[in-house]
Amino acid sequence: MSNTTLTYYNQNAKAFSDSTLNVDMSALYAEFLPHVAQHGSILDAGCGSARDAAFFKAQGFTVSAFDASPDLAELASSYLQQPVAVKTFQELNCVNQYDGIWCCASLLHVPKAELPQVFLNLQNALKPNGVLYVSFKYGDTERVHNGREFTDLNENALTHLLSNTQLKAIKQWQSVDQRPERESEVWLNALIKVVHVL
């Protein structure tokens with residue numbers, strides 16, 4: 001995450017957290033959770049407010065969470081009632097640890113050139129039958145918007161990014177933003193699994 005994007009989240013942590021906490025994500029949970037082992041371990045990567053981590057925790061999953069913004073991580077830790085690490089996707093270096101990794105609107109701040117290595121980090125962190133959920137704003141450009149840097153992806157761009165990994169998208173779909181007055185924003189969603197090469 002760039003310094004400008006990080007500064008934005010640190011300066012606007014409370015407002016951002018408040019604006020996202022009550023967004024209805026049930027349709028996405030319904031896609032993701034059936035692929036996660038019952039009572040398994042889920043990493044909320046780039047957790048923001050920890051809205052999703054808290055939901056997973058309430059469903060009986062063992063939850064870990066991190067965010068690159070120290071200010072957001074502090075708010076998230078309070079909401080989740082457990083420590084939230086301050087780290088970036090580039091610093092994720094665990095192996096075979098999670099049944100599910102949830103990257104909701106978080107990977108989109110990783111520069112496109114760094115996404116191949118980040119996907120390898122995520123691949124390594126997943127257990128053999130684990131599942132990865134990602135979402136990006138729909139498009140094919142890198143851009144700056146309201147003080148934040150974004151990497152937009154479409155289906156072809158995501159497939160190409162995964163081509164140098166053992167990851168494969170088992171489902172890709174588009175959805176509209178669930179926040180009031182943001183319905184015109186389209187998202188690319190994907191469920192991704194490790195393909196075992198014999």
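For the reader, a short list of remarks on this structure follows.
- Among the residues of the range 15-28, just one is part of a helix (DSSP H, G or I), touching a helix residue (DSSP H, G or I) at 6+ places or on another chain (Cβ under 7 Å) and open to solvent by 20 Å² or more (accessible area, probe 1.4 Å), namely F16.
- When residues of the range 53-70 are limited to those that are touching a Gly at 6+ places or on another chain (Cβ under 9 Å) and part of a loop (DSSP other than H, G, I, E, B), the one surrounded by the fewest Cβ atoms within 10 Å (Cβ to Cβ): F61
- Checking the stated criteria, A50 turns out to be aliphatic (A, V, I, L, M) and either modelled with pLDDT of 95 or more or surrounded by 14 or more Cβ atoms within 10 Å (Cβ to Cβ) (or both).
- Strands (runs of 3 or more DSSP E) fully within the range 117-198 that include at least 1 residues being buried (at least 17 other Cβ atoms within 10 Å of the Cβ), within 15 Å of the chain's Cα centre (by Cα) and touching a residue at least 60 places away in the same chain (Cβ under 8 Å): 126-137, 186-194.
- The range 29-46 - residue that is touching an Asp or Glu at 6+ places or on another chain (Cβ under 6 Å) and open to solvent by less than 10 Å² (accessible area, probe 1.4 Å) and, of those, nearest to L92 (Cα to Cα): D44
- When residues of the range 1-14 are limited to those that are part of a helix (DSSP H, G or I) and among the polar types (S, T, N, Q), the one surrounded by the most Cβ atoms within 10 Å (Cβ to Cβ): T5
- So D67, is it under 23 Å from K193 (Cβ atoms), of a type in the set (D, E) and under 16 Å from the mean Cα position of the chain (by Cα): no
The values are calculated or read from the model by the stated rules, or taken from the named source; none is laboratory data. Computed from a predicted model, the values in this text were never measured in an experiment. So basically every Cβ, Gly included, is an ideal-geometry build from the backbone, and we count neighbours across all protein chains shown. Ligands, DNA and RNA are stripped out before the accessible areas are found, and what is left, the full protein with its side chains, is counted by its heavy atoms. Shrake-Rupley method; radii C 1.70, N 1.55, O 1.52, S 1.80 Å.
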